[in-house]
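What follows draws every value from the coordinates through simple rules; no lab data is involved. Computed from a predicted structure; not experimentally measured. Quick reminder, even Gly has a Cβ in these numbers, built from the backbone with ideal geometry, and neighbours come from all protein chains shown.
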Amino acid sequence: MAHLNNHQNKFSFQNAQAEAERCLLCHDAPCSKACPAGTDPALFIRKLRMKNVTGAIRTIKENNIVGGACGALCPTAELCEKACVACGIDRPIRIGMIQQTLIEHSWEIGFRPLKSYKLHHPPLAKGGLIKVAVIGSGPAGLSCASELARQGIAVTVFEQRDEPGGVLRYGVPEHRFSKKFLEREIADVKELGVEFVCSRGITRRGEAEELLKQGFSAVFISTGLWESVPLFADKSRTKGWFPSTFFLEKTKDETKEIFKNKVVTVIGGGSVAIDCAE
């Protein structure tokens, strides 16, 4: 997450419309090819420019269930915006800001683009409804759960922590990404019928296999990469060393109290290091 679009500098909907007007409407748009999430920015910007606002919103959410969070947190300057053809003429289209603003606008106007995906005839396995367990509720778990739910499959997400969201909730400071914004994104997943079971870690050996015996047809494991690489191979030398996740999970008041009157060194210069230093 090398680049973060700060909510304090977000677009208004009118800003997003004006920015979409700058799009060159490329036939073979390089911005969409450069989007690793497959959100297809060329298509939703084209729809917005043609005043098909709900169509633009639907494109984002159908392609990327956490499209709003992605618009706010994705390193767009190194991906879709870097590939934007407008770079050779002026500045790139601010794709991430348009994406984030469209999702926020959908909440303001009460538009629910995924409402129609509640299927009346869900697929059945031998013996009943197909059920899938998803372990972890970060971006991968949310994406998997939404894709399955849209196909009529019953999904239960197991989350070890108290609230769902994974790195979106516990790995990004509040001042960089609003938890209220995340709650709205997760509400879209819940609207598809996905059930969340929090404070329920799947941690024991063989516990995932036990879910299969309990009637789940499959288990998707999306536990993330929370373990940090130690600074020294010899752990006895790491007294006073804390991984970045320790800082990011704490509130600013908590870290201030822990490190009060102490000199702290941050090793690294990327976006995570900057978040810790702040």
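For this structure, a couple of remarks:
- In this simple spin-label model, placing a label point 7 Å from the Cα along the Cα-to-Cβ direction at both Trp226 and Glu183 gives a separation of 2.2 nm.
- From the coordinates shown, Cα extents along the principal axes in Å corresponds to which of (i) 57, 46, 35; (ii) 60, 58, 31; (iii) 70, 59, 27: (ii)
- Listed pairs Lys61/Lys180; Lys179/Lys256; Lys61/Lys179; Lys47/Lys179; Lys33/Lys61; Lys115/Lys213 exceeding 25 Å between Cα atoms: Lys47/Lys179; Lys115/Lys213
- Considering only the chain, percent of DSSP beta bridges that pair antiparallel, nearest 5: 15
- Sites Lys82 and Ser199 - FRET efficiency at Förster radius 45 Å, r taken between beta-carbons, to 0.05: 0.65
- Taking a ≥ b ≥ c as the square roots of the Cα gyration tensor eigenvalues, region 123-206 comes out oblate, since a/c reaches at least 1.5 and a/b does not exceed b/c.
- Cα gyration tensor shape of region 183-233, rounded if a/c is under 1.5, else prolate or oblate by comparing a/b with b/c: oblate
- Length available on full extension from Trp241 to Asp90: 0.36 nm per residue minus the Cα-Cα distance, which gives 49.8 nm.
- This model, with +1 at the C-beta of Lys and Arg and -1 at the C-beta of Asp and Glu, gives region 116-221 a dipole about its Cα centre of some 80 debye.
- Amide H within-cut-off set for Phe196, under 5 Å, with H built and near neighbours excluded: Val157
- Residues in region 179-205 reached by a label modelled at Lys115 [backbone nitrogen below 14 Å; 7 Å Cα→Cβ]: 188, 191-192
- Size of charge dipole - the chain - debye, nearest 20, with Cβ of Lys, Arg +1 and Asp, Glu -1, no other charges: 180
- Estimated FRET transfer efficiency (Ala18, Ala277; beta-carbon r; R0 30 Å; 0.05): 0.30
- Global form of region 7-109, assessed from the alpha-carbon gyration tensor, a/c cut-off 1.5: rounded
- Contact order, relative form, for the chain: 18 percent (alpha carbon pairs under 8 Å, 6 or more residues apart, mean separation divided by residue count).
- Dipole check for region 7-109: with +1 at the C-beta of Lys and Arg, -1 at the C-beta of Asp and Glu, and the Cα centre as origin, the magnitude is about 140 Debye.
- Ordering Gly268, Phe158, Ser116 by Cα displacement along the dipole of the chain toward the positive end leaves Ser116 in first place; charges were set at the Cβ atoms of Lys, Arg (+1) and Asp, Glu (-1).
- Extension gain from Glu207 to Glu147, taking 0.36 nm per residue of separation minus the Cα-Cα distance: 19.2 nm
- For the chain, calculated [θ]222 nm from helices alone, where every DSSP H run of n ≥ 4 adds -39500 (n - 2.57): -11000 deg cm²/dmol
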